Amino acid sequence: MKIDKCRVCNEGLREFMTYGKMPIANGFLKEKVEDEYHFEMSPAFCSSCFSLQLVEQPDAEQMFHDEYAFFSRQSKFMQIHFKGYADWVLENYSQQGDDFIVEIGSNDGIMLENFAKKNIKHLGVDPSANVVEVARSFGVQSQVSFFGYETSKQIVNDYGKASAIISANVMCHLPDLNDIAKGAFNLLNDKGVLIFEDPYLGSMLEKVSYDQIYDEHVYIFSAISVKNIFGNHGFELINLLPQETHGGSMRYVFAKKGARDIQPIVNEIVQNELDNNFDKPSTYEKFKENCELSKTRLLKILTDAKNNGLSVAGYGATSKSTTILNYCGIGPDLIDFISDTTPIKQNTLTPGKHIPVKSYEYFKENIPDVIILFAWNHANEIIEKEKGSINKDVKWITHLPFFEVGI
Ligand code: TMP
Ligand code: ZN
């Protein structure tokens with residue numbers, strides 16, 4: 001659905017650029033199709049609530065369905081990260097014997113498993129039946145549904161009020177944040193907290209990591225935007241924790257107004273965002289220029305490689321790579337194949353540009369001259385794995401102008 005008013009506050013939106021026609025980021029194809037679904041991907045800035053959002057987003061059913069290709073358990077590093085997240089929630093916000101943790105977008109149970117193992121009451125909510133099935137097989141109580149006010153009433157009815165609602169890399173997927181906030185307020189008890197982490201706008205602007213924007217990511221959050229959005233529903237931003245994950249994320253903690261102390265870091269980060277003009281349209285005009293420069297740079301690297309007879313392969317058929325490939329117009333003429341460890345992505349074609357996705361084993365037998373690291377947000381984990389195992393003089397690159405792959 002395309003909008004011309006801010007999804008959150010209904011005020012004027014400023015569309016500052018377009019990435020052009022985009023397919024579904026996780027819509028890997030078993031074979032070429034003529035009528036592949038595309039939508040116009042244009043981010044816009046709301047100068048009233050300061051949110052950055054897409055003006056058009058495909059229907060949720062197009063993206064989150066029973067064949068959803070994303071399983072969080074793929075990454076060892078993320079398993080460790082989510083254990084740390086779960087421990088942190090308990091250390092800081094446990095209500096001792098009264099804990100009931102609800103996760104929005106619980107995927108394959110990678111986070112809630114940490115609560116399940118401690119016999120803490122929990123519930124995962126996720127719209128994709130295939131991932132919920134995996135979660136259950138790990139002993140994680142889960143239900144297949146979208147979260148919102150209606151679901152919150154059902155959960156209160158079936159299980160009682162929650163001490164914490166948590167989520168990771170999910171909140172920025174949800175278009176109707178007013179309904180989420182209303183549902184969260186209804187589900188939480190008086191001292192309850194709403195905690196979520198998502199890719200951080202500040203990191204995206206700094207790194208020019210425009211590939212954070214794709215169909216699922218309808219918002220890219222900043223502290224000033226979420227403070228406004230959830231503030232309108234009786235919540236107060238009480239804590240912030242910057243994260244390394246997903247190329248730079250932020251963990252936000254909200255409590256019901258007046259229920260808990262506000263940590264000093266909240267004002268520090270809010271002030272830093274204002275000092276860096278996150279509330280001004282000019283910041284987004286500058287970002288647009290940086291995206292165009294990044295595109296020119298990447299196309300030059302890849303065409304030079306081609307002209308020099310070098311083979312090029314991608315590492316990680318990430319959702320983010322769909323934005324890069326389609327925005328820059330990069331197909332199989334410039335990248336021979338992309339390696340990915342996820343079985344259901346293997347032997348498919350990438351959305352829109354139709355680059356073959358191959359297994360990691362295929363990659364090891366066909367090491368190219370140039371490797372473009374699409375899973376750049378997992379660089380440390382990947383470099384650790386690949387260091388010393390590739391017996392060839394390869395060049396690692398990314399689309400990011402300020403990022404060196406240290407191998
Ligand atoms: P993400 O950036 O959205 O987390 O997706 C990462 C993708 O990269 C996922 O499809 C798995 C793939 N991947 C590999 O192929 N090899 C790796 O070593 C890692 C960490 C990820
Ligand atoms: Zn707004």
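The values are calculated or read from the model by the stated rules, or taken from the named source; none is laboratory data. Here the structure is a predicted model, which means the values were calculated and not measured. We place every Cβ from the backbone using ideal geometry, glycine too, and count neighbours over all the protein chains shown. Accessible surface areas use protein heavy atoms only, side chains included; no ligands, DNA or RNA. Shrake-Rupley method; radii C 1.70, N 1.55, O 1.52, S 1.80 Å.
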Original post:
Taking into account only those residues within the stretch 244-267 that are at pLDDT below 95 and at negative phi, which is nearest to ligand 2 (Cβ to nearest atom)?
Top reply: Thr245
Subject >> Number of the exception - Asp98 against (1) open to solvent by 60 Å² or more (accessible area, probe 1.4 Å); (2) touching a residue at least 60 places away in the same chain (Cβ under 8 Å); (3) within 16 Å of ligand 1 (Cβ to nearest atom) >> reply: (3)
Original post:
Can Ile324 be described as in a helix (DSSP H, G or I), within 14 Å of ligand 1 (Cβ to nearest atom), closer than 30 Å to Ser75 by Cα and open to solvent by 80 Å² or more (accessible area, probe 1.4 Å)?
Top reply: no
Subject >> Yes/no for Ser311 being away from ligand 2 (no atom under 16 Å from the Cβ) and either surrounded by 24 or more Cβ atoms within 10 Å (Cβ to Cβ) or over 18 Å from Ala25 (Cβ atoms) (or both) >> reply: yes
**OP:** Taking Asn157 as the residue in question, decide whether it is out of contact with any Asp or Glu (no Cβ under 6 Å at 6 or more places or on another chain) and within 16 Å of ligand 2 (Cβ to nearest atom).
**Re:** no
Subject >> Leading residue by the ranking (nearest to ligand 2 (Cβ to nearest atom)) among those in the stretch 1-34 that are among the charged types (D, E, K, R) and part of a loop (DSSP other than H, G, I, E, B) >> reply: Glu11
Original post:
Out of all the residues in the stretch 55-96, which are part of a helix (DSSP H, G or I), modelled with pLDDT under 90 and hydroxyl-bearing (Ser, Thr, Tyr)?
Top reply: Ser72
Subject >> Condition broken by Ser48, with the remaining ones in (1) farther than 23 Å from Arg251 by Cβ; (2) open to solvent by less than 30 Å² (accessible area, probe 1.4 Å); (3) within 16 Å of ligand 2 (Cβ to nearest atom) satisfied >> reply: (2)
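Scan the stretch 364-371 and tell me whether some residue there is within 13 Å of ligand 1 (Cβ to nearest atom), open to solvent by 10 Å² or more (accessible area, probe 1.4 Å) and over 18 Å from Ser294 (Cβ atoms). Step through it out loud before you land on a result.
First, the residues of the stretch 364-371 that are within 13 Å of ligand 1 (Cβ to nearest atom): 364, 371.
Next cut, open to solvent by 10 Å² or more (accessible area, probe 1.4 Å) only: 364.
Narrowing further to those that are over 18 Å from Ser294 (Cβ atoms): 364.
For the stretch 364-371, residues within 13 Å of ligand 1 (Cβ to nearest atom), open to solvent by 10 Å² or more (accessible area, probe 1.4 Å) and over 18 Å from Ser294 (Cβ atoms): present.
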Original post:
Can you tell me which residues in the stretch 281-300 are in contact (Cβ under 8 Å) with a residue 12 or more places away in the chain and farther than 30 Å from Ile372 by Cβ?
Top reply: Pro281
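If we scan the stretch 169-178, do we find a residue that is aliphatic (A, V, I, L, M), closer than 23 Å to Gln95 by Cα and in contact (Cβ under 8 Å) with a residue 12 or more places away in the chain? Can you show your working first?
The first filter runs over the stretch 169-178 and keeps only residues aliphatic (A, V, I, L, M), leaving 170-171, 174, 177.
Retained after the next criterion (residues that are closer than 23 Å to Gln95 by Cα): none.
No; the residues of the stretch 169-178 include none that is aliphatic (A, V, I, L, M), closer than 23 Å to Gln95 by Cα and in contact (Cβ under 8 Å) with a residue 12 or more places away in the chain.
How about the stretch 197-250: which of its residues are part of a helix (DSSP H, G or I) and more than 22 Å from Ile382 (Cβ to Cβ)?
Residues of the stretch 197-250 that are part of a helix (DSSP H, G or I), as a first pass: 201-207, 210-212, 223-231, 245-247.
Those that are part of a helix (DSSP H, G or I) and more than 22 Å from Ile382 (Cβ to Cβ): Leu201, Gly202, Leu205, Ala223, Ile224, Ser225, Val226, Lys227, Asn228, Ile229, Phe230, Gly231.
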Original post:
Which of the residues spanning the stretch 124-165 are without any contact (Cβ under 8 Å) to a residue 60 or more places away in the chain, outside any strand (DSSP E or B) and open to solvent by less than 40 Å² (accessible area, probe 1.4 Å)?
Top reply: Val132, Ala135, Val140, Ser145, Phe147, Gly148, Thr151, Ser152, Ile155
**OP:** State yes or no: is Leu194 open to solvent by 20 Å² or more (accessible area, probe 1.4 Å), closer than 22 Å to Gly84 by Cα and more than 16 Å from ligand 1 (Cβ to nearest atom)?
**Re:** no
Subject >> Selection from the stretch 330-351 of residues that are over 20 Å from the mean Cα position of the chain (by Cα) and buried (at least 18 other Cβ atoms within 10 Å of the Cβ) >> reply: Ile330, Leu334, Ile335, Phe337, Ile338, Ser339, Gln346, Thr348, Leu349
**OP:** List the number of the failed condition for Lys280; all other conditions in (1) modelled with pLDDT of 95 or more; (2) surrounded by fewer than 21 Cβ atoms within 10 Å (Cβ to Cβ); (3) within 16 Å of ligand 1 (Cβ to nearest atom) hold.
**Re:** (3)
